[in-house]
1. State which residue is surrounded by the fewest Cβ atoms within 10 Å (Cβ to Cβ) when the search covers only region 37-60 and only residues that are acidic (Asp, Glu) and at pLDDT 80 or above.
2. Hey, can you tell me all the residues within region 164-181 that are in contact with a Leu (Cβ under 9 Å, 6 or more places away or on another chain) and more than 15 Å from Gly142 (Cα to Cα)?
3. Out of the helices (runs of 4 or more DSSP H) lying entirely within region 1-85, which hold 1 or more residues that are among the aliphatic types (A, V, I, L, M) and in contact with an Asp or Glu (Cβ under 9 Å, 6 or more places away or on another chain)?
4. Residue under question is Phe140, and the condition is that it be surrounded by fewer than 17 Cβ atoms within 10 Å (Cβ to Cβ), under 22 Å from Gln163 (Cβ atoms), modelled with pLDDT of 75 or more and not assigned by the TED database to the domain that holds Glu51; does it hold?
5. Would you check which residues across region 13-56 are under 20 Å from the mean Cα position of the chain (by Cα) and among the β-branched types (Val, Ile, Thr) and list them?
6. State which residue is nearest to Pro195 (Cα to Cα) when the search covers only region 143-170 and only residues that are modelled with pLDDT of 80 or more and small (Gly, Ala, Ser).
7. Could you list, in sequence order, all residues of region 17-49 that are touching a helix residue (DSSP H, G or I) at 6+ places or on another chain (Cβ under 7 Å), without any contact (Cβ under 8 Å) to a residue 24 or more places away in the chain and within 22 Å of Pro152 (Cβ to Cβ)?
Amino acid sequence: MEFKDYYKILGVERTATADDIKSAYRKLARKYHPDVSKEPGAEARFKEIGEAYKVLHDPEKRAAYDQLGARWQPGQEFTPPPDWGAGFEFTRGTVSPEEADGFSDFFSSLFGQFGRQAQSVRAPGEDHHAKIFIELEDAFTGATRGIMLRAPHLDAQGRVVLQERTLNVQIPKGLREGQLIRLAGQGAAGIGGAPPGDLYLEV
């Protein structure tokens, strides 16, 4: 699988603001729209631009993508790191299975899993999902551990910043890889006085 540099695809710097990204996307989308452009490969380029925008205009996905660092080159052979996504909170509906299927394998390998998990849950507030790593002994015997999570937000300048919080998590005895720990009320706040969503931690 090839690495995709979404910043280069949109022609923006890694420090670009949300407005910079939106402006670049609109310009390129008009240029390469299949109904307008006669250039060879315009449709593929249009899809690639849409995929890049899907990631970079979303604070959550952009912050997670940025954790890969700038050392990767476009087209370089890529495999997600073993700890990919650990400690990041993703809201419900971050990406749907249909969207993941319409984009590249690179996109699906990074973001497809969160959308698929999120489709099966319901809550008045947005549910959050995060992947965590625990010690084998804790999974076998059970324990209470402090888990630090990072949630991306946009600052006043439209740049992505990470806000951290630490939660005391009860790890059930006999927990296995891939299972979820549900923390009631630790998701996004509800609207109009509705209760908050839940936080699901994937081990």
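1. Glu39
2. Glu164, Arg165, Thr166, Leu167
3. Per the criteria, 6-10, 42-56.
4. Considered against the rule, which asks whether it is surrounded by fewer than 17 Cβ atoms within 10 Å (Cβ to Cβ), under 22 Å from Gln163 (Cβ atoms), modelled with pLDDT of 75 or more and not assigned by the TED database to the domain that holds Glu51, Phe140 comes out as no.
5. If the condition is that a residue be under 20 Å from the mean Cα position of the chain (by Cα) and among the β-branched types (Val, Ile, Thr), then Thr15, Thr17, Ile21, Ile49, Val55 are the ones that fit.
6. It comes out as Gly146.
7. If the condition is that a residue be touching a helix residue (DSSP H, G or I) at 6+ places or on another chain (Cβ under 7 Å), without any contact (Cβ under 8 Å) to a residue 24 or more places away in the chain and within 22 Å of Pro152 (Cβ to Cβ), then Ala24 is the only one that fits.
Condition check ((1) at pLDDT 85 or above; (2) over 27 Å from Val161 (Cα atoms)) across all residues:
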position	(1), (2)
Ile9	yes, no
Arg62	yes, no
Gln73	no, no
Glu77	no, yes
Arg92	no, no
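The values are calculated or read from the model by the stated rules, or taken from the named source; none is laboratory data. Please read all numbers here as calculations on a predicted model, not as lab measurements. Positions of Cβ are generated from backbone atoms using ideal geometry, with glycine treated the same way; all protein chains shown enter the neighbour counts.
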